[in-house]
Amino acid sequence: MSRPGLRARVEAARALRQHEGLLRRTRTCDVLPGGRRVVEGRILSDFCGNDYLGIAGHRDLVAALTRSASVEGVGTGAAHLVSGHRGEHAALEEELADWTGRERALLFSTGVMANLGTLQALLGSTVHGRQEALCVQDRLNHASLIDGAMLAGADLLRYPHADAEAAARQLDARPELPALLATDGVFSMDGDVAPLAALARACGERDALLYVDDAHGLGVLGPQGAGSVAEAGLGPREVPVLMGTLGKALGCAGAFVAGDADLIEAVTQFARSYVYTTAMPAALAAATRAAVHLVRTDREGRRERLRANVIRFRAGAVQLGLALMPSDTAIQPLVMGSAEAATEAARQLEAAGFLVVAIRPPTVPRGSARLRITLSASHTPDRIDALLGALERLPVPREATAV
């Protein structure tokens, strides 16, 4: 019997995705000041990126990166646990721990690596042979949280979006197993905030660890921009494991996990995506330290400007009858339904001068393809109004949409 061809199977899957209008493609987007991008020779206003505070090109970050690179060079040349851990890394970890109110923080090269490695370390750790664990997750969690639990070999149970009572029932389904509940803080495709206080209560009553991925809340929400957990009034006792990314509101790249010293030491020892990868450039850590200082002090009022932009956009959308999903964050999704409708709306917006990417399955559930509109402190009122004007001319949903 001949072996079936793997290449043929992969090509068939790619062809099916193309046939369904779900094929993704990379486009070169060169940066201009003021939240603008050059795409295929055209200048567009970017309303789909995650530079929520508009500091990716800030002079302080650029200066810190340049100063450090002139001394440290570019690459670190080794993993953190070999010879790649620099003074800038150590200082950044200390500042991130202080900012989030944790004993210790650990740097990762990306948010995906942070989630994969930390969940594998916590759920897959063994003493003598294989040890089962339970991981309960929101159905709309980021893919890396789901993948992390699966790679760890955990018993993965998911609950309906933002339903804390259902999450508690899932924890109760396997009371004999050590358990971890993982959730996004701010959901990346819906823009809403998890019911963190209720989830913390459920975990506390059942001796389960609560893990919050605050990629889209850090820098934007809470006192000093410390994130959705801080905004909910929760601390390390209620949320023992906190993940944050450095490439969104902080305008840099990378991620970290923060918690008590013993927990983070365990992640250091067992997270394969930390142990077996080269450390991020020290110059990038230096730039991130500058970003943390900017965000914590916020002397330029960027968080307030972002809030004002969100309010302005939503008020304008209400006047137009646009069926935005319920979100008070920088992420403002407009569900179109079919992938074709979302793609066509994105194309028309681009023709009008706006970069808004269509989000389609499998990133979101079938039937809920959307325009994921994101706002930034760098957006001016006239650009927001112009985007609203362009949306008004599109055949978009005009009544509340349930997903």
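Readers should treat all values here as calculations from the given coordinates under stated rules, not as data from a laboratory. Model, not experiment: these values are computed from the prediction. In this analysis, Cβ positions are derived from the backbone assuming ideal geometry, glycine residues included, and neighbour counts consider all displayed protein chains.
Structural remarks
- Model label zone, A78; criterion: amide N under 16 Å from point 7 Å along Cα-to-beta-carbon; scope region 277-301: 277-282
- Potential extension, A69-A8 segment - 0.36 nm per residue separation minus Cα distance: 17.4 nm
- Mean separation of Cα contacts under 8 Å, 6 or more apart, over the residue count of region 59-297: relative contact order %: 31
- Backbone amide hydrogens, once placed in the peptide plane, bring L355 within less than 5 Å of S45, D46, F47, excluding anything fewer than 5 places away on its chain.
- Ascending count of other beta-carbon atoms within 10 Å, so fewest first, for S338, S109: S338, S109
- Cβ-defined net charge surrounding E165, 11 Å radius [Lys, Arg +1; Asp, Glu -1]: 0
- Kirkwood Rh, Cα atoms: Rg over Rh of region 59-297: 0.97
- Theoretical gain in end-to-end length, M150 to L32 [0.36 nm per residue, Cα-Cα removed]: 38.4 nm
- FRET efficiency for R312 and A15, using Cβ-Cβ distance with R0 set to 35 Å, rounded to 0.05: 0.20
- Calculated from backbone phi, Karplus (6.51, -1.76, 1.60) coupling profile of region 325-336 in Hz, x at Gly/Pro: 6, x, 7, 9, 9, 5, 8, 10, x, 10, 6, 9
- Local charge for T245 was computed over the other residues whose Cβ lies under 14 Å away, with Lys and Arg +1 and Asp and Glu -1, and equals -3.
- Net charge of neighbours whose Cβ lies under 13 Å from the Cβ of S188, counting Lys and Arg as +1 and Asp and Glu as -1: -3
- Residues M336, M325, M150 arranged by fewest to most Cβ contacts within 10 Å: M150, M325, M336
- Computed label-point distance, nm, for sites D382 and R272 using a 7 Å Cα→Cβ extension: 5.4
- Compactness index (Cα Rg / 2.2 N^0.38 Å), the chain: 1.01
- Residues A90 and E40, FRET efficiency given R0 of 30 Å [Cβ-Cβ distance, rounded to 0.05]: 0.10
- Relative contact order (percent, whole number), region 52-151, Cα cutoff 8 Å, 6+ residue spacing: 18
- Cβ crowding within 10 Å ranks T100, T278, T288 as T278, T100, T288, fewest other Cβ atoms first.
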